[in-house]
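Asker: Attaching a single structure in structure tokens format; questions to follow.
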Amino acid sequence: MADRDVVEALIATYRELNQRFRPLLAAMNADAGAVEDPTSPLGILYRLRNRELNASQAIKEMLRGGERTIVDDEAEPLVTLQQTALGLVPIVLLSQFGTAREATLAMVRDLPDSVWQQEFETPRGRMTLRAYLETLIARDREAIRALEERLGQPAPKS
């Protein structure tokens, strides 16, 4: 059975982005900055979406045992014409992140413990699937902190 804490943390990122930031981002829409500015809300979401698209593809490749094509999950992903046509606005990027995150979850949610502890060549080097997913969670938290700073949203009280 999948490591529940990791799965829950992956889900929590998308939930938090939707509950805390979607309303603010929807109000900003075109005023969210530029994708070229990694500190703007749009730039943060763009990189978050790109990383999740790449990570999801990399995980699929790891589990299939095939050739690795994703060597850097922070690189520009190959996106479809449809994804590009939708535009680079915050709500679209957030939705695309959610779709890619759900694909990631669908692949890992029901894997046996042995696969979670198996080492793979990942975009972050050789590590277990669990360790790789934990790098995604840590980078998710960095993106959320950056959005908090840019949007003036205090972290929720635990």
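The values are calculated or read from the model by the stated rules, or taken from the named source; none is laboratory data. Since the model is a prediction, treat every value here as computed from it, not as a measurement. Because the Cβ atoms are built from the backbone with ideal geometry, glycine has one as well, and the counts that use them run over all protein chains shown. Just the protein is used for accessible areas: all its heavy atoms, side chains included, with ligands, DNA and RNA removed. Shrake-Rupley method; radii C 1.70, N 1.55, O 1.52, S 1.80 Å.
Asker: Mind checking which residues of the range 107-158 are in contact with a Pro (Cβ under 8 Å, 6 or more places away or on another chain), at pLDDT 90 or above and of a type in the set (A, V, I, L, M)?
Answerer: If the condition is that a residue be in contact with a Pro (Cβ under 8 Å, 6 or more places away or on another chain), at pLDDT 90 or above and of a type in the set (A, V, I, L, M), then Leu147 is the only one that fits.
Asker: May I pose another question? For the range 25-46, which residues satisfy the criterion of being in a helix (DSSP H, G or I), out of contact with any Asp or Glu (no Cβ under 7 Å at 6 or more places or on another chain) and of a type outside the set (A, V, I, L, M, F, W, C)?
Answerer: Asn29, Asp31, Pro41, Tyr46
Asker: Please work out if Leu94 is in a loop (DSSP other than H, G, I, E, B) and surrounded by 14 or more Cβ atoms within 10 Å (Cβ to Cβ).
Answerer: Judged against the criteria, Leu94 is not a match.
Asker: Considering only residues that are farther than 29 Å from Arg109 by Cα and open to solvent by 40 Å² or more (accessible area, probe 1.4 Å), which ones fall in the range 35-53?
Answerer: Selection gives Glu36, Asp37, Pro38, Thr39.
Asker: Which one is nearest to Thr13 (Cα to Cα) among residues in the range 103-121 that are in contact (Cβ under 8 Å) with a residue 60 or more places away in the chain and open to solvent by 80 Å² or more (accessible area, probe 1.4 Å)?
Answerer: Asp110
Asker: List the number of the failed condition for Ser56; all other conditions in (1) of a type outside the set (Asp, Glu); (2) open to solvent by 70 Å² or more (accessible area, probe 1.4 Å); (3) closer than 28 Å to Pro112 by Cα hold.
Answerer: All conditions pass for Ser56, except number (2).
Asker: Let me ask something else. Residues being free of Cβ contacts under 8 Å to residues at least 12 places away in the same chain and either hydrophobic (A, V, I, L, M, F, W, C) or closer than 16 Å to Phe97 by Cβ (or both): count how many of those fall in the range 39-76.
Answerer: Matching residues across the range 39-76 total 1.
Asker: (1) surrounded by 12 or more Cβ atoms within 10 Å (Cβ to Cβ); (2) modelled with pLDDT of 95 or more: which one isn't true of Val79, the others all being true?
Answerer: Going through the list (1) surrounded by 12 or more Cβ atoms within 10 Å (Cβ to Cβ); (2) modelled with pLDDT of 95 or more, Val79 breaks only (2).
Asker: Please verify whether Gly65 is farther than 27 Å from Leu151 by Cβ, over 11 Å from the mean Cα position of the chain (by Cα) and modelled with pLDDT under 90, treating the condition exactly as stated.
Answerer: On the way: farther than 27 Å from Leu151 by Cβ: yes; over 11 Å from the mean Cα position of the chain (by Cα): yes; modelled with pLDDT under 90: yes.
So Gly65 fits the description; yes.
Asker: Moving on to the next point. State which residue pairs qualify: first residue outside any helix (DSSP H, G or I) and inside the range 1-24, second residue open to solvent by 20 Å² or more (accessible area, probe 1.4 Å) in any location, beta carbons under 8 Å apart, and separation of 6 or more residues or different chains.
Answerer: Hits for this filter: Met1/Asp110; Met1/Pro112; Met1/Asp113; Ala2/Arg109; Ala2/Asp110; Ala2/Leu111; Asp3/Asp113; Asp3/Arg130.
Asker: Next question, about the same structure. Being open to solvent by 50 Å² or more (accessible area, probe 1.4 Å) and under 21 Å from Gly33 (Cβ atoms) narrows it down to one residue among Arg145, Arg124; which is it?
Answerer: On the way: Arg124 fails: under 21 Å from Gly33 (Cβ atoms).
It is Arg145.
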